[in-house]
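The values are calculated or read from the model by the stated rules, or taken from the named source; none is laboratory data. Bear in mind the structure is a predicted one, so any value in this text is a computation, not a measurement. Here the Cβ positions follow ideal geometry from the backbone for every residue, glycine too, while neighbour counts run over all protein chains shown. Side chains included, ligands, DNA and RNA excluded: accessible areas come from the protein's heavy atoms. Shrake-Rupley method; radii C 1.70, N 1.55, O 1.52, S 1.80 Å.
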Amino acid sequence: MKDNRRTFIKKAALGTTGITLGASSFAFSAKSYNSILGANDRINMCVIGTRGQGFGHLKRWASMAESENVHVKTICDVDENLWAERVTAVEEIQGKKPGTEVDMRKVFDDKDIHAVSIATPNHWHALATIWAVQAGKDVYVEKPCSHNVFEGRKMIDAARKYNRVVQVGFQNRSIENVRKAMQFLHNGGIGDVYMAKGLCYKPRDSFGIAANSEPPQGFHYDLWLGPAPMRPYNEKKSHYNWHWHWDTGNGDIGNQGPHQFDVARWGMNKNEHPVKVSSSGGYYKYTKEQCSQETANTQTAVLEYADGKILQFEVRGLSTGGEAPMGIKIGNLFYGTEGWMEVDGGNWKTYMGPNNEPGPSSESQGEATDQVVDYLAAPGGGGHYSNFIAAVRSGNKSDLTCDIEEGYHSTVLPLLSNISYRLGRNLEFDGKKEKFVKDAEADKMLSREYRKPYVVENNV
């Protein structure tokens, strides 16, 4: 049995259907620093947005100071109240105190900064990335890569025009066990995959309501709003709660959801947009007097591809059980003509035939992976962050496990789903034109009205 497993893994690793690894406002030298960076040269980083996930970015990059010669030179955040704790934490980790900045445009003017890590609210992801690559910086940007479809395409255009490396924070792309699961699917392990499902079951209480007020001292609210419309400051619509308001966030389907949308699309081996989109749901249990949330806390989406294959997604924001034998709440299910697979983080199991007999799994394959680690592991060898650094050093976007174009295709899925949900009807999408079919109302929601000077231009 062990020899059979080893033979299968070797075949999966070598299979031909395997994973593919794949003039601005900021003056910068035409000569890329990638052409002169050696393997031992320091890479100076700036993290833009340092609450929550951004604080994690700071710690991660700072921890790479000794192992990979990465240095956090600057912390950029519009809330100065965060600076002291962040500066102290970074200094303790990397042994050198970083600088601070409130306006990312000054970061982009700093020619000593080679790359930026963007963990702002969603509505800033695209413009920050575009400005950064125009200034000659490589970029690690959190998921979803954009707040709307139009600006995501502009991110790709800018990355290609200025020849910059842009990694999207879909960390599953650099997890070895997830990569093995995808390899198994792509090599026909459960037959032809005809349907995938993403799960986002994260119960959340009401975050309450509050009256409009003045922003706290040290919080640069205009800069925080950036591309979003001007509105009165409200503490229930700013830090973290921005996720649940359409001007700044995309709900849980566009918060946790993009990770599982990405794995679903990856497992289905779809490098195209769906042609049909349907989504429904609502905000249940809490009233407007209890919470100002605009996005759904319960939502389903069904996206159909040109060949009729289906990607489903489900958000459950109230009390719920998990799915499948593993009781998955955040993960994926794949259905093929010969069996099915459940994926929960880096753990995966398959069930074969009409009797659901246990098939290969992450555990059963563990003994036979030595010969294929180099093939399945991402360049850099230390996860998603190290993969980005490896690509920065090489200057080669094909070294990234989640290049901006890959991240964009996965980001579009929750964005299209939300448009269907908000309009309350099914939609048809033309993937080549990246427009809806004869639907001007839906097309308007592919972009937004940008607040000057925070504008994503058509010509980047």
Residues whose modelled amide H sits under 5 Å from the amide H of T298, counting only those 5 or more places away in sequence or on another chain, are G282, Y284, G317
Give me, ordered by chain and number, the residues 5 or more places off K435 or on other chains with an amide H under 5 Å from its own placed amide H. D430
Charge-dipole axis of the stretch 310-355 as Lys and Arg at +1 and Asp and Glu at -1 on Cβ define it, positive-most pick from G321, N355, M341: G321
Hz values of 3J(HN,Hα) by residue in the stretch 74-83 - Karplus curve (6.51, -1.76, 1.60), Gly and Pro given as x: 9, 9, 10, 8, 6, 10, 5, 5, 8, 4
Counting only protein heavy atoms and using a 1.4 Å probe, what share of the accessible area of the chain belongs to carbon plus sulfur, as a whole percent? 47
Find, among the trypsin sites (Lys or Arg not before Pro) in the stretch 168-203, those assigned to loop by DSSP (not H, G, I, E, B) with at most 14 other beta-carbon atoms within 10 angstrom. none
Hull surface over four for the Cα convex hull of the stretch 82-168, reported in nm², is 5.8
Name the long-range amide H neighbours of I75: under 5 Å, sequence gap of 5 or more, or other chain; modelled H, no Pro or chain starts. G99, T100, E101
Members of K59/K96; K270/K433; K197/K397; K329/K349; K73/K111 lying beyond 21 Å, as alpha-carbon distances in this model show: K197/K397
So what's the back-of-envelope 222 nm ellipticity for the chain, counting only DSSP H runs of four-plus at -39500 (n - 2.57) apiece and dividing by all residues, rounded to 500? -9000 deg cm²/dmol
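Please compute the contact order of the stretch 83-231 in relative form: average sequence separation of alpha-carbon pairs under 8 Å and at least six residues apart, divided by the residue count, as a percent.
Numbers: 126 pairs, mean separation 24.3, N = 149.
So the answer I get is 16 percent.
Order 344-357, 248-261, 309-322 from most to least packed using the mean count of other Cβ atoms within 10 Å.
Details: 344-357: 15.3, 248-261: 25.4, 309-322: 17.9.
Ranking the peptides 344-357, 248-261, 309-322 by packing returns 248-261, 309-322, 344-357.
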Binning at 5 angstrom from zero up to the longest distance, how are the C-alpha pair distances of the stretch 173-322 distributed in percent? 2, 8, 15, 17, 14, 14, 11, 9, 6, 3, 1, 0
Zero-based 20 Å bins, Cα pair distances in the chain, whole percents: 24, 57, 18, 0
Probe 1.4 Å, accessible area per residue of the chain, Å²: 42
Antiparallel DSSP bridges in the chain: what percent, to the nearest 5? 60
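Relative to 2.2 N^0.38 Å, what does the C-alpha radius of gyration of the stretch 376-460 come to as a ratio? Two decimals please.
Normalised Cα radius of gyration, the stretch 376-460: 1.47.
Compute the Kirkwood hydrodynamic radius of the stretch 80-238, taking the inverse of the mean of 1/r over all pairs of distinct Cα atoms, and give it in Å to one decimal.
Numbers: mean 1/r = 0.0524 Å⁻¹.
When all Cα pairs of the stretch 80-238 are included, the Kirkwood radius is 19.1 Å.
Return the loop-located trypsin sites (Lys or Arg not before Pro) in the stretch 235-304 (DSSP other than H, G, I, E, B) with at most 15 other Cβ atoms within 10 Å of their own Cβ; answer none if there are none. Each step should come with its number before you reach the end.
On the way: sites: K236, K237, R265, K270, K276, K285, K288; in loops: K270, K285, K288.
Filter output for the stretch 235-304: K285, K288.
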Within the stretch 187-340: Cβ-based charge dipole about Cα centre, in debye rounded to nearest 20 (Lys, Arg +1; Asp, Glu -1): 220
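Name the shape class, rounded, prolate or oblate, that the alpha-carbon gyration tensor gives for the stretch 132-218, where a ≥ b ≥ c are the square roots of its eigenvalues, rounded holds for a/c under 1.5, and otherwise prolate holds if a/b is larger than b/c and oblate otherwise. Mind showing how you got there, number by number?
Working: a/c = 2.62, a/b = 1.28, b/c = 2.05.
It comes out oblate by the Cα gyration axes.
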